[in-house]
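Following: one structure in structure tokens, then a few remarks.
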Amino acid sequence: MKPHLQYTNNGNLRHFLSIEDLQKETLQQILTTADKFTQFGQREIKKLPLLRGHTVVNLFFENSSRTRTTFEIAAKRLSADVINLNPTTSSTSKGETLLDTINILEAMHTDLFVIRHAKSGVAELIARHVPDHVHIINAGDGQHAHPTQAMLDMFTIRQHKGPFNELRVAIVGDILHSRVARSQIHALNSLGVHEIRVVAPNSLLPSQIERLGVHAYNDLQKGLDGVDVVMMLRLQKERMQHAYIPSEQEYFNLYGLTTESLAAAAEDAIIMHPGPINRGLEISSEVADGPRSVILSQVTNGIAIRMAVMAMILGGEGNG
Amino acid sequence: MTKKIDVEVSALLDKLVTDLTPLLAVNPVIIGIHTGGSWLAEILHERLAIKEPCGSLDISFYRDDFSRIGLNPEVKASNIPQDISDRHILLIDDVLQTGRTVRAAMNEIFDYGRPASIRLCVLVERKGHELPIQADYCGMTLDLGQDQHIKLVGPEKLSLVVGGLVAGDNQS
């Protein structure tokens, strides 16, 4: 992807498609802006006027309740008008093409599309198609990227563990199919963490993953040794037809995060998971609900991060 | 072209303290607009011996030019520690010119609650109003050219800078 697709000529954020090719300063600005948005909870009116008069369409070709809901809440907190569409049950099932759907919605004066699609590259395809005043946020495309998830993870890490440069982070699970892992790795690298490890059986590791600047481990204990942050991934059962793992029980025995396996990590390590959780498959309930789990704070932070990205994209439009 | 003004900020503050003293009867909540207004609010808060903490507003999220210039990356969090419903607000800023900052600040205040009243206190009021907003309390009025700017620098030692020259500077 060419970097200018995500920026305007003046260097403002135009689309938010992938962490790759974004400048470190942009990532830092997203985190700083989100910080301010976390502090409106105690006010009588939990709304800001920034996006008044703007229309945001959540276009989810693939189901997701939490991502769509937090995008919706974020847009509403910024006073935008929000429309949720699930095109698999509407026009595309009648044969309308993807870009036709976009054209129709654009003709209704949509300012921002939040797009999730099962195929990699769809958000970018749409971003290349729309006119200058229409903006795209990628809410997950195939196995490619899920950049707002990665940013809310970065925000949660910074909130609980402080500066990135001394942290060791392990990403555990189905790296192969995970758009979340890809975006996390780019974000962690850009923000300069001390070390990134990926932990999975070889069948769930992309070949040459180390080119992304990570250390790969097949052994959970070794991979978790001394880490400050454990980022679990969901085992994507729906993509598991091809016998990537011998059995779910064996996977849990070898790669499941339990109180015992967690003992290898630093004493104050935090546990993260993008959800939805497969309890007893990649993580035990004891750990998921335990005191070191920050899974629910990830969800809350998702609102502030999505507010920040939307405000940065739609602000300053008249300026190029 | 620059214009030098010879004025002591402390003298303006003395005048404001005198003018504001009768307002203590309604037990006002002091709120400063970030950044210059917050510095002044802290000082006035102390000199008027108000016990409740003072609040500060960063109005970046309420600016009317957001869609033109975007978010200020330096935006600070607003902080109003007390419930302001039915309270009398004393809103403080360094310079009043167009009135747009004050409008944004009032919009934000109403998202915290419905105050009984809002009064505006500024160090300097200058020509160029674009909205029907005037100061209730004002240290001084200044007639500056359109291309001139004035700002308060601080916070260690507050001084007014006009067109790049420091007011009170004895250089002639």
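The values are calculated or read from the model by the stated rules, or taken from the named source; none is laboratory data. These numbers were taken from a predicted model, which means no experiment stands behind them. Glycine gets a Cβ as well: all are built from the backbone with ideal geometry, and neighbour counts include every protein chain shown.
The residues of region A:15-25 that are away from chain B (no Cβ under 11 Å) and either at pLDDT 95 or above or part of a helix (DSSP H, G or I) (or both), listed by number, are A:HIS15, A:PHE16, A:LEU17, A:SER18, A:ILE19, A:LEU22, A:GLN23, A:LYS24. Residue check: is B:ASP94 surrounded by 15 or more Cβ atoms within 10 Å (Cβ to Cβ) and of a type in the set (Asp, Glu)? When the stated conditions are applied, B:ASP94 passes them.
Of all residues assigned to region A:263-281, at least one qualifies as being loosely packed, with under 12 Cβ neighbours inside 10 Å, of a type in the set (Asp, Glu) and farther than 27 Å from A:VAL114 by Cβ. The residues of region B:112-145 that are within 14 Å of another protein chain (Cβ to nearest Cβ) and either buried (at least 18 other Cβ atoms within 10 Å of the Cβ) or in contact with a Gly (Cβ under 8 Å, 6 or more places away or on another chain) (or both), listed by number, are B:TYR112, B:PRO115. From the list B:SER85, B:SER67, B:SER60, the lone residue that is surrounded by fewer than 20 Cβ atoms within 10 Å (Cβ to Cβ), small (Gly, Ala, Ser) and not in a loop (DSSP other than H, G, I, E, B) is B:SER67.
Do we find that A:THR148 is farther than 19 Å from A:ARG179 by Cα and not aliphatic (A, V, I, L, M) in this structure? So A:THR148 does not fit the description; no. Within region A:22-55, being charged (D, E, K, R) and in contact with a helix residue (DSSP H, G or I) (Cβ under 8 Å, 6 or more places away or on another chain) holds for A:LYS24, A:ASP35, A:LYS36, A:ARG43, A:GLU44, A:LYS46, A:LYS47. When A:GLY302, A:GLY280, A:GLY316, A:GLY290 are checked against the criterion of being more than 14 Å from chain B (Cβ to nearest Cβ) and at positive phi, a single residue qualifies: A:GLY280. Yes or no: B:ILE43 more than 14 Å from every other protein chain (Cβ to nearest Cβ) and part of a helix (DSSP H, G or I)? So B:ILE43 fits the description; yes.
The residues of region A:164-178 that are within 19 Å of the chain's Cα centre (by Cα) and touching a residue at least 40 places away in the same chain (Cβ under 8 Å), listed by number, are A:VAL169, A:ALA170, A:ILE171, A:VAL172, A:GLY173, A:ASP174, A:ILE175, A:LEU176, A:HIS177, A:SER178. Of all the numbered requirements in (1) modelled with pLDDT of 95 or more; (2) among the polar types (S, T, N, Q); (3) buried (at least 22 other Cβ atoms within 10 Å of the Cβ), A:GLN28 misses one, and that requirement is (3).
For (1) surrounded by 14 or more Cβ atoms within 10 Å (Cβ to Cβ); (2) more than 14 Å from every other protein chain (Cβ to nearest Cβ); (3) modelled with pLDDT under 90, each residue gets a yes or a no:
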site: A:PHE61; (1), (2), (3): yes, yes, no
site: A:THR70; (1), (2), (3): yes, yes, no
site: A:ALA80; (1), (2), (3): yes, no, no
site: A:ASN84; (1), (2), (3): yes, yes, no
site: A:SER93; (1), (2), (3): no, yes, yes
site: A:THR97; (1), (2), (3): no, yes, yes
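All of A:SER178, A:SER207 fail the test of being hydroxyl-bearing (Ser, Thr, Tyr), in the same structural domain as A:ILE270 (by TED's automatic domain parsing) and closer than 14 Å to A:MET232 by Cα, apart from A:SER178.
Only one of (1) away from every other protein chain (no Cβ under 14 Å); (2) under 28 Å from A:GLN298 (Cα atoms); (3) in contact (Cβ under 8 Å) with a residue 24 or more places away in the chain fails for A:PRO49. Which number is that? Against the list (1) away from every other protein chain (no Cβ under 14 Å); (2) under 28 Å from A:GLN298 (Cα atoms); (3) in contact (Cβ under 8 Å) with a residue 24 or more places away in the chain, A:PRO49 comes up short only on (1).
Of all the numbered requirements in (1) within 14 Å of another protein chain (Cβ to nearest Cβ); (2) over 20 Å from B:SER56 (Cβ atoms); (3) not in a loop (DSSP other than H, G, I, E, B), B:ALA104 misses one, and that requirement is (2).
Scanning region A:238-252 for residues that are assigned to a helix (DSSP H, G or I) and either under 15 Å from A:HIS273 (Cβ atoms) or hydrophobic (A, V, I, L, M, F, W, C) (or both) gives a single hit, A:PHE252. Does B:VAL95 satisfy the condition of being within 22 Å of B:GLY163 (Cβ to Cβ) and free of Cβ contacts under 8 Å to residues at least 60 places away in the same chain? Judged against the criteria, B:VAL95 is a match. Inspection of region B:21-31 identifies no residue that is closer than 24 Å to B:VAL161 by Cα, within 12 Å of chain A (Cβ to nearest Cβ), among the aliphatic types (A, V, I, L, M) and surrounded by 18 or more Cβ atoms within 10 Å (Cβ to Cβ). Residues satisfying the criterion are absent from region B:153-170 (criterion: within 14 Å of chain A (Cβ to nearest Cβ) and over 13 Å from the mean Cα position of the chain (by Cα)).
Here's the yes/no breakdown for (1) touching a residue at least 40 places away in the same chain (Cβ under 8 Å); (2) among the small types (Gly, Ala, Ser); (3) outside any strand (DSSP E or B):
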| position | (1), (2), (3) |
| --- | --- |
| A:LEU254 | yes, no, yes |
| A:GLU260 | no, no, yes |
| A:ALA264 | yes, yes, yes |
| A:GLU267 | no, no, yes |
| A:ILE271 | yes, no, no |
| A:PRO276 | yes, no, yes |
| A:LEU281 | yes, no, yes |
| A:GLU286 | no, no, yes |
| A:PRO291 | no, no, yes |
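Of the residues making up region A:198-234, those that are surrounded by 21 or more Cβ atoms within 10 Å (Cβ to Cβ) and part of a strand (DSSP E or B) are A:VAL198, A:VAL199, A:VAL229, A:VAL230, A:MET231, A:MET232.
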